[in-house]
Amino acid sequence: MKTIHILNGPNLNLLGKRQPEIYGHDTLDSIAATCKALGQELGLDVALFQSNHEGTIVDQIQTARATADGIILNPAAYTHSSVAILDALLAFDGPVIEVHLSNIHKRETFRHHSYVSRRADAVIAGCGAQGYSLALRHMATLLD
Ligand code: DHK
């Protein structure tokens, strides 16, 4: 069975409570449960992580080199600032899908640029929590 790591960046632990008009009402726990159930349907083993710390996310990506076949990543605010996360992804061989709950292109100008998109095989933005399920379905086709 293929393994997918779903990595989440800063403040996504507050999903459901934080600016729900932008990020929605789903919690990260409910997203994890949905993704694990969908993973079973798709024959994928899904593990979800969250950290508020850039270096920890870099560590998680490095760990994924040996333990995951694909990465789905919402780097949150680090999307717009982190060369370190981009470099870690460039050292990962499998497919990478970038997810944003909100449509970052419809928001402040500083959110329009993503360092991670240089490495991402696909980008999903503006679909809310459903973006993770869409990413997982696309990951299944990429790994097929
Ligand atoms: C989440 C965040 O926390 C923001 O910093 C990004 C992203 C957008 C999202 O839409 O999931 O700019």
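The values are calculated or read from the model by the stated rules, or taken from the named source; none is laboratory data. These figures come from a predicted structure and were not determined experimentally. Cβ sites come from the backbone with ideal geometry, for glycine too, and all protein chains shown count toward neighbours. Ligands, DNA and RNA are stripped out before the accessible areas are found, and what is left, the full protein with its side chains, is counted by its heavy atoms. Shrake-Rupley method; radii C 1.70, N 1.55, O 1.52, S 1.80 Å.
Near V96: Cβ cut-off under 9 Å, other residues only, Lys/Arg at +1 and Asp/Glu at -1. The net charge is -1.
Loop-located trypsin sites (Lys or Arg not before Pro) in the range 47-141 (DSSP state not H, G, I, E or B) with no more than 14 neighbouring Cβ atoms inside 10 Å: R107. The amide H of L44, built 1.01 Å from its N in the peptide plane, has no neighbour under 5 Å, considering only residues 5 or more places off or on other chains.
Measuring nothing but protein heavy atoms, the accessible surface of the range 2-143 at 1.4 Å probe radius is 49 percent carbon and sulfur. Accessible surface calculations at 1.4 Å, restricted to protein heavy atoms, place the range 1-127 at 49 Å² per residue. The Cα atoms of the range 30-144 give a gyration tensor whose axes a ≥ b ≥ c have a/c of 1.5 or more with a/b no greater than b/c, which makes the shape oblate.
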